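Worksheet: one structure, shown below.
The values are calculated or read from the model by the stated rules, or taken from the named source; none is laboratory data. Note that this is a predicted model, so its numbers are computed, not measured. Glycine also receives a Cβ, built like all others from the backbone with ideal geometry; neighbour counts cover every protein chain displayed.
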Amino acid sequence: MAAVGQHRLLGRVAVAGVAGLPDLELDLGPITALIGPRGSGKSQLLASIAWLMTGRPAIVPAKGTASPARPVVSGRLGDDRTGVPLSRTPGAGLSWGSVDAAAFPLPACSFLRARSRLGRATASGGNVAARLSRDDGHPTSDALAAEALVAAMEACCEECLTGEILLIEEPELLLTPQAQRYLYRLVRRFAENGNQVLYSTRSPAFVDAAHHDEIVRLDLRDGRSTPRRTSPHTLTDAERVRLAAEFDHERSEMFFAEAVVLVEGQTERLALPFIFRALGHDPDAEGIAIVEVGGKSNLPLAARLLRELAIPFVVVFDADRGTASAALDLEIRRSADTAPTIRLEPDFEAAAGIATHQDKVIHAWRRFAGAAAAAVPPALANVVRTAVRAAAVDRGRSGPLHH
């Protein structure tokens with residue numbers, strides 16, 4: 001499938017000694033979506049890149065940073081391995097090493113911070129920031145300020161502006177779901193025009209399973225943040241196309257979850273939330289996403305992505321008969337690796353006590369809506385226990401639930 005153009009203005013960034021952020025190195029593509037729990041360092045990483053490129057805003061040294069050489073933010077313009085090196089430390093300005101800075105002018109950079117009311121740039125010099133400052137006037141509400149960002153991105157795309165690094169905190173704020181999806185398409189179009197976009201987000205509208213390698217999950221463990229991402233080779237092009245066809249933005253909620261229950265179809269997707277509540281658990285309150293993947297053959301694809309991002313998950317699937325089904329069962333288990341897999345004999349409907357496959361979604365609703373704990377079959381109670389246990393372990397490592 002078509003990829004975003006290979007414009008990589010900042011091929012790599014490295015950060016050391018910055019408060020609220022672990023020392024890390026990241027290779028960057030045309031689009032990078034930063035996700036992760038509160039306190040994992042998403043905003044600090046964006047601010048560090050803005051500081052590298054513009055000298056603003058000022059960054060705060062991490063506690064215990066005694067060396068005058070820290071904090072330091074460095075990067076490479078162009079290729080992540082052989083591109084032009086640059087670095088910045090407090091009081092020393094921007095260093096180009098042995099390279100003649102005059103031969104490599106810095107690209108423009110706009111940093112749009114959420115707390116600056118969704119459209120005020122704190123790092124100057126970028127076309128998007130200039131367009132926003134010029135065109136949004138004085139919005140009379142936060143919602144109008146959010147819409148001004150959409151309008152500014154429209155204008156920059158129409159004018160085919162190029163050569164800019166755009167950093168955005170939570171671009172989805174105060175936009176309708178439809179406007180969020182439209183802004184996401186504008187972001188992709190802006191990157192295709194020869195720009196680079198990095199943003200933090202809590203919205204499934206701004207991540208895409210088909211473009212999974214653009215996602216960087218800052219995984220908070222024991223008070224420290226670790227960047228996790230998938231390999232571009234995790235899925236083949238054909239598998240990416242399948243996910244693009246099957247995965248909508250609702251399914252992309254799995255990237256933000258404490259734990260995920262992967263299921264084959266709509267019957268499981270409808271019934272399991274009722275079953276969780278019957279057993280005294282609310283999946284939303286506990287950060288558990290129940291994701292219907294559009295068929296059993298897509299379970300290994302979703303499992304591979306979750307495994308590489310270190311998001312706990314459980315795979316629930318039917319015990320279909322035949323050689324092909326046995327091979328698919330093996331592929332599901334291999335893709336899940338150490339994650340729990342639950343094979344229901346002979347299928348979910350039978351395990352749920354639903355006698356017929358005709359109108360099975362309606363029968364599942366009648367069977368479990370308002371059901372008591374005693375009405376939950378043991379096999380399905382096991383699904384709930386396994387998912388709750390996975391979420392509790394993840395939450396114990398990562399701290400607060402809310403992302």
query = Which of the residues that make up segment 290-306 are without any contact (Cβ under 8 Å) to a residue 60 or more places away in the chain and assigned to a helix (DSSP H, G or I)?
reply = Lys296, Ser297, Asn298, Leu299, Pro300, Ala303, Leu306
remark   = Filtering segment 345-368 down to residues that are surrounded by 12 or more Cβ atoms within 10 Å (Cβ to Cβ) and touching a strand residue (DSSP E or B) at 6+ places or on another chain (Cβ under 9 Å) yields Pro346, Asp347, Phe348, Glu349, Ala350, Ala351, Ala352
query = Just for segment 307-346: of the residues that are part of a loop (DSSP other than H, G, I, E, B) and among the β-branched types (Val, Ile, Thr), which one is farthest from the chain's Cα centre (by Cα)?
reply = Thr338
ask   = When you look at Gln178, is it touching a residue at least 40 places away in the same chain (Cβ under 8 Å) and of a type outside the set (Ser, Thr, Tyr), yes or no?
value = no
inquiry  = Going residue by residue through segment 159-173, is there one that turns out to be under 15 Å from the mean Cα position of the chain (by Cα), modelled with pLDDT under 95, within 30 Å of Gly265 (Cα to Cα) and assigned to a loop (DSSP other than H, G, I, E, B)?
reply    = no
ask   = For segment 177-241, list the strands (runs of 3 or more DSSP E) that sit wholly inside it and hold at least 2 residues that are among the basic types (Lys, Arg); which are they?
value = 215-221, 224-228
remark   = Checked against (1) loosely packed, with under 12 Cβ neighbours inside 10 Å; (2) hydroxyl-bearing (Ser, Thr, Tyr); (3) in contact with a helix residue (DSSP H, G or I) (Cβ under 7 Å, 6 or more places away or on another chain), Ser335 satisfies every condition except (1)
request  = Return a yes/no flag: does segment 251-260 have any residue that is within 22 Å of the chain's Cα centre (by Cα), surrounded by fewer than 19 Cβ atoms within 10 Å (Cβ to Cβ), farther than 16 Å from Val207 by Cβ and at pLDDT 95 or above.
outcome  = no
query = Among the residues of segment 242-274 satisfying the criterion of being part of a helix (DSSP H, G or I) and among the aromatic types (Phe, Trp, Tyr), which is farthest from Ala391 (Cα to Cα)?
reply = Phe274
task = Answer yes if at least one residue in segment 369-379 is in contact (Cβ under 8 Å) with a residue 40 or more places away in the chain and either crowded, with 16+ Cβ neighbours inside 10 Å or closer than 30 Å to Arg217 by Cβ (or both), and no otherwise.
result = yes
task = Test Arg131 against the stated conditions and say whether it is part of a helix (DSSP H, G or I) and over 24 Å from Arg115 (Cβ atoms).
result = no
remark   = segment 1-105: strands (runs of 3 or more DSSP E) wholly inside it with 1 or more residues that are at pLDDT 80 or above and among the basic types (Lys, Arg) are 10-16, 72-77, 84-89
Of the criteria (1) in contact (Cβ under 8 Å) with a residue 12 or more places away in the chain; (2) within 30 Å of Leu106 (Cβ to Cβ), which one Arg185 fails = (1)
message = Of all residues being among the basic types (Lys, Arg) and at pLDDT below 65 in segment 379-403, which is farthest from Pro273 (Cα to Cα)? Just the residue, please.
response = Arg397
remark   = Checked against (1) under 18 Å from Leu45 (Cα atoms); (2) among the β-branched types (Val, Ile, Thr); (3) modelled with pLDDT under 95; (4) crowded, with 20+ Cβ neighbours inside 10 Å, Val128 satisfies every condition except (1)
query = How about segment 356-377: which of its residues are assigned to a helix (DSSP H, G or I) and within 16 Å of Arg269 (Cα to Cα)?
reply = Lys360, Val361, Ile362, His363, Ala364, Trp365, Arg366, Arg367, Phe368
task = Starting from segment 140-151, take each residue that is more than 11 Å from Leu175 (Cα to Cα) and list its partners that are modelled with pLDDT under 90 and part of a helix (DSSP H, G or I), counting only C-beta distances under 7 angstrom and pairs at least six apart or across chains.
result = Ala151/Asp135
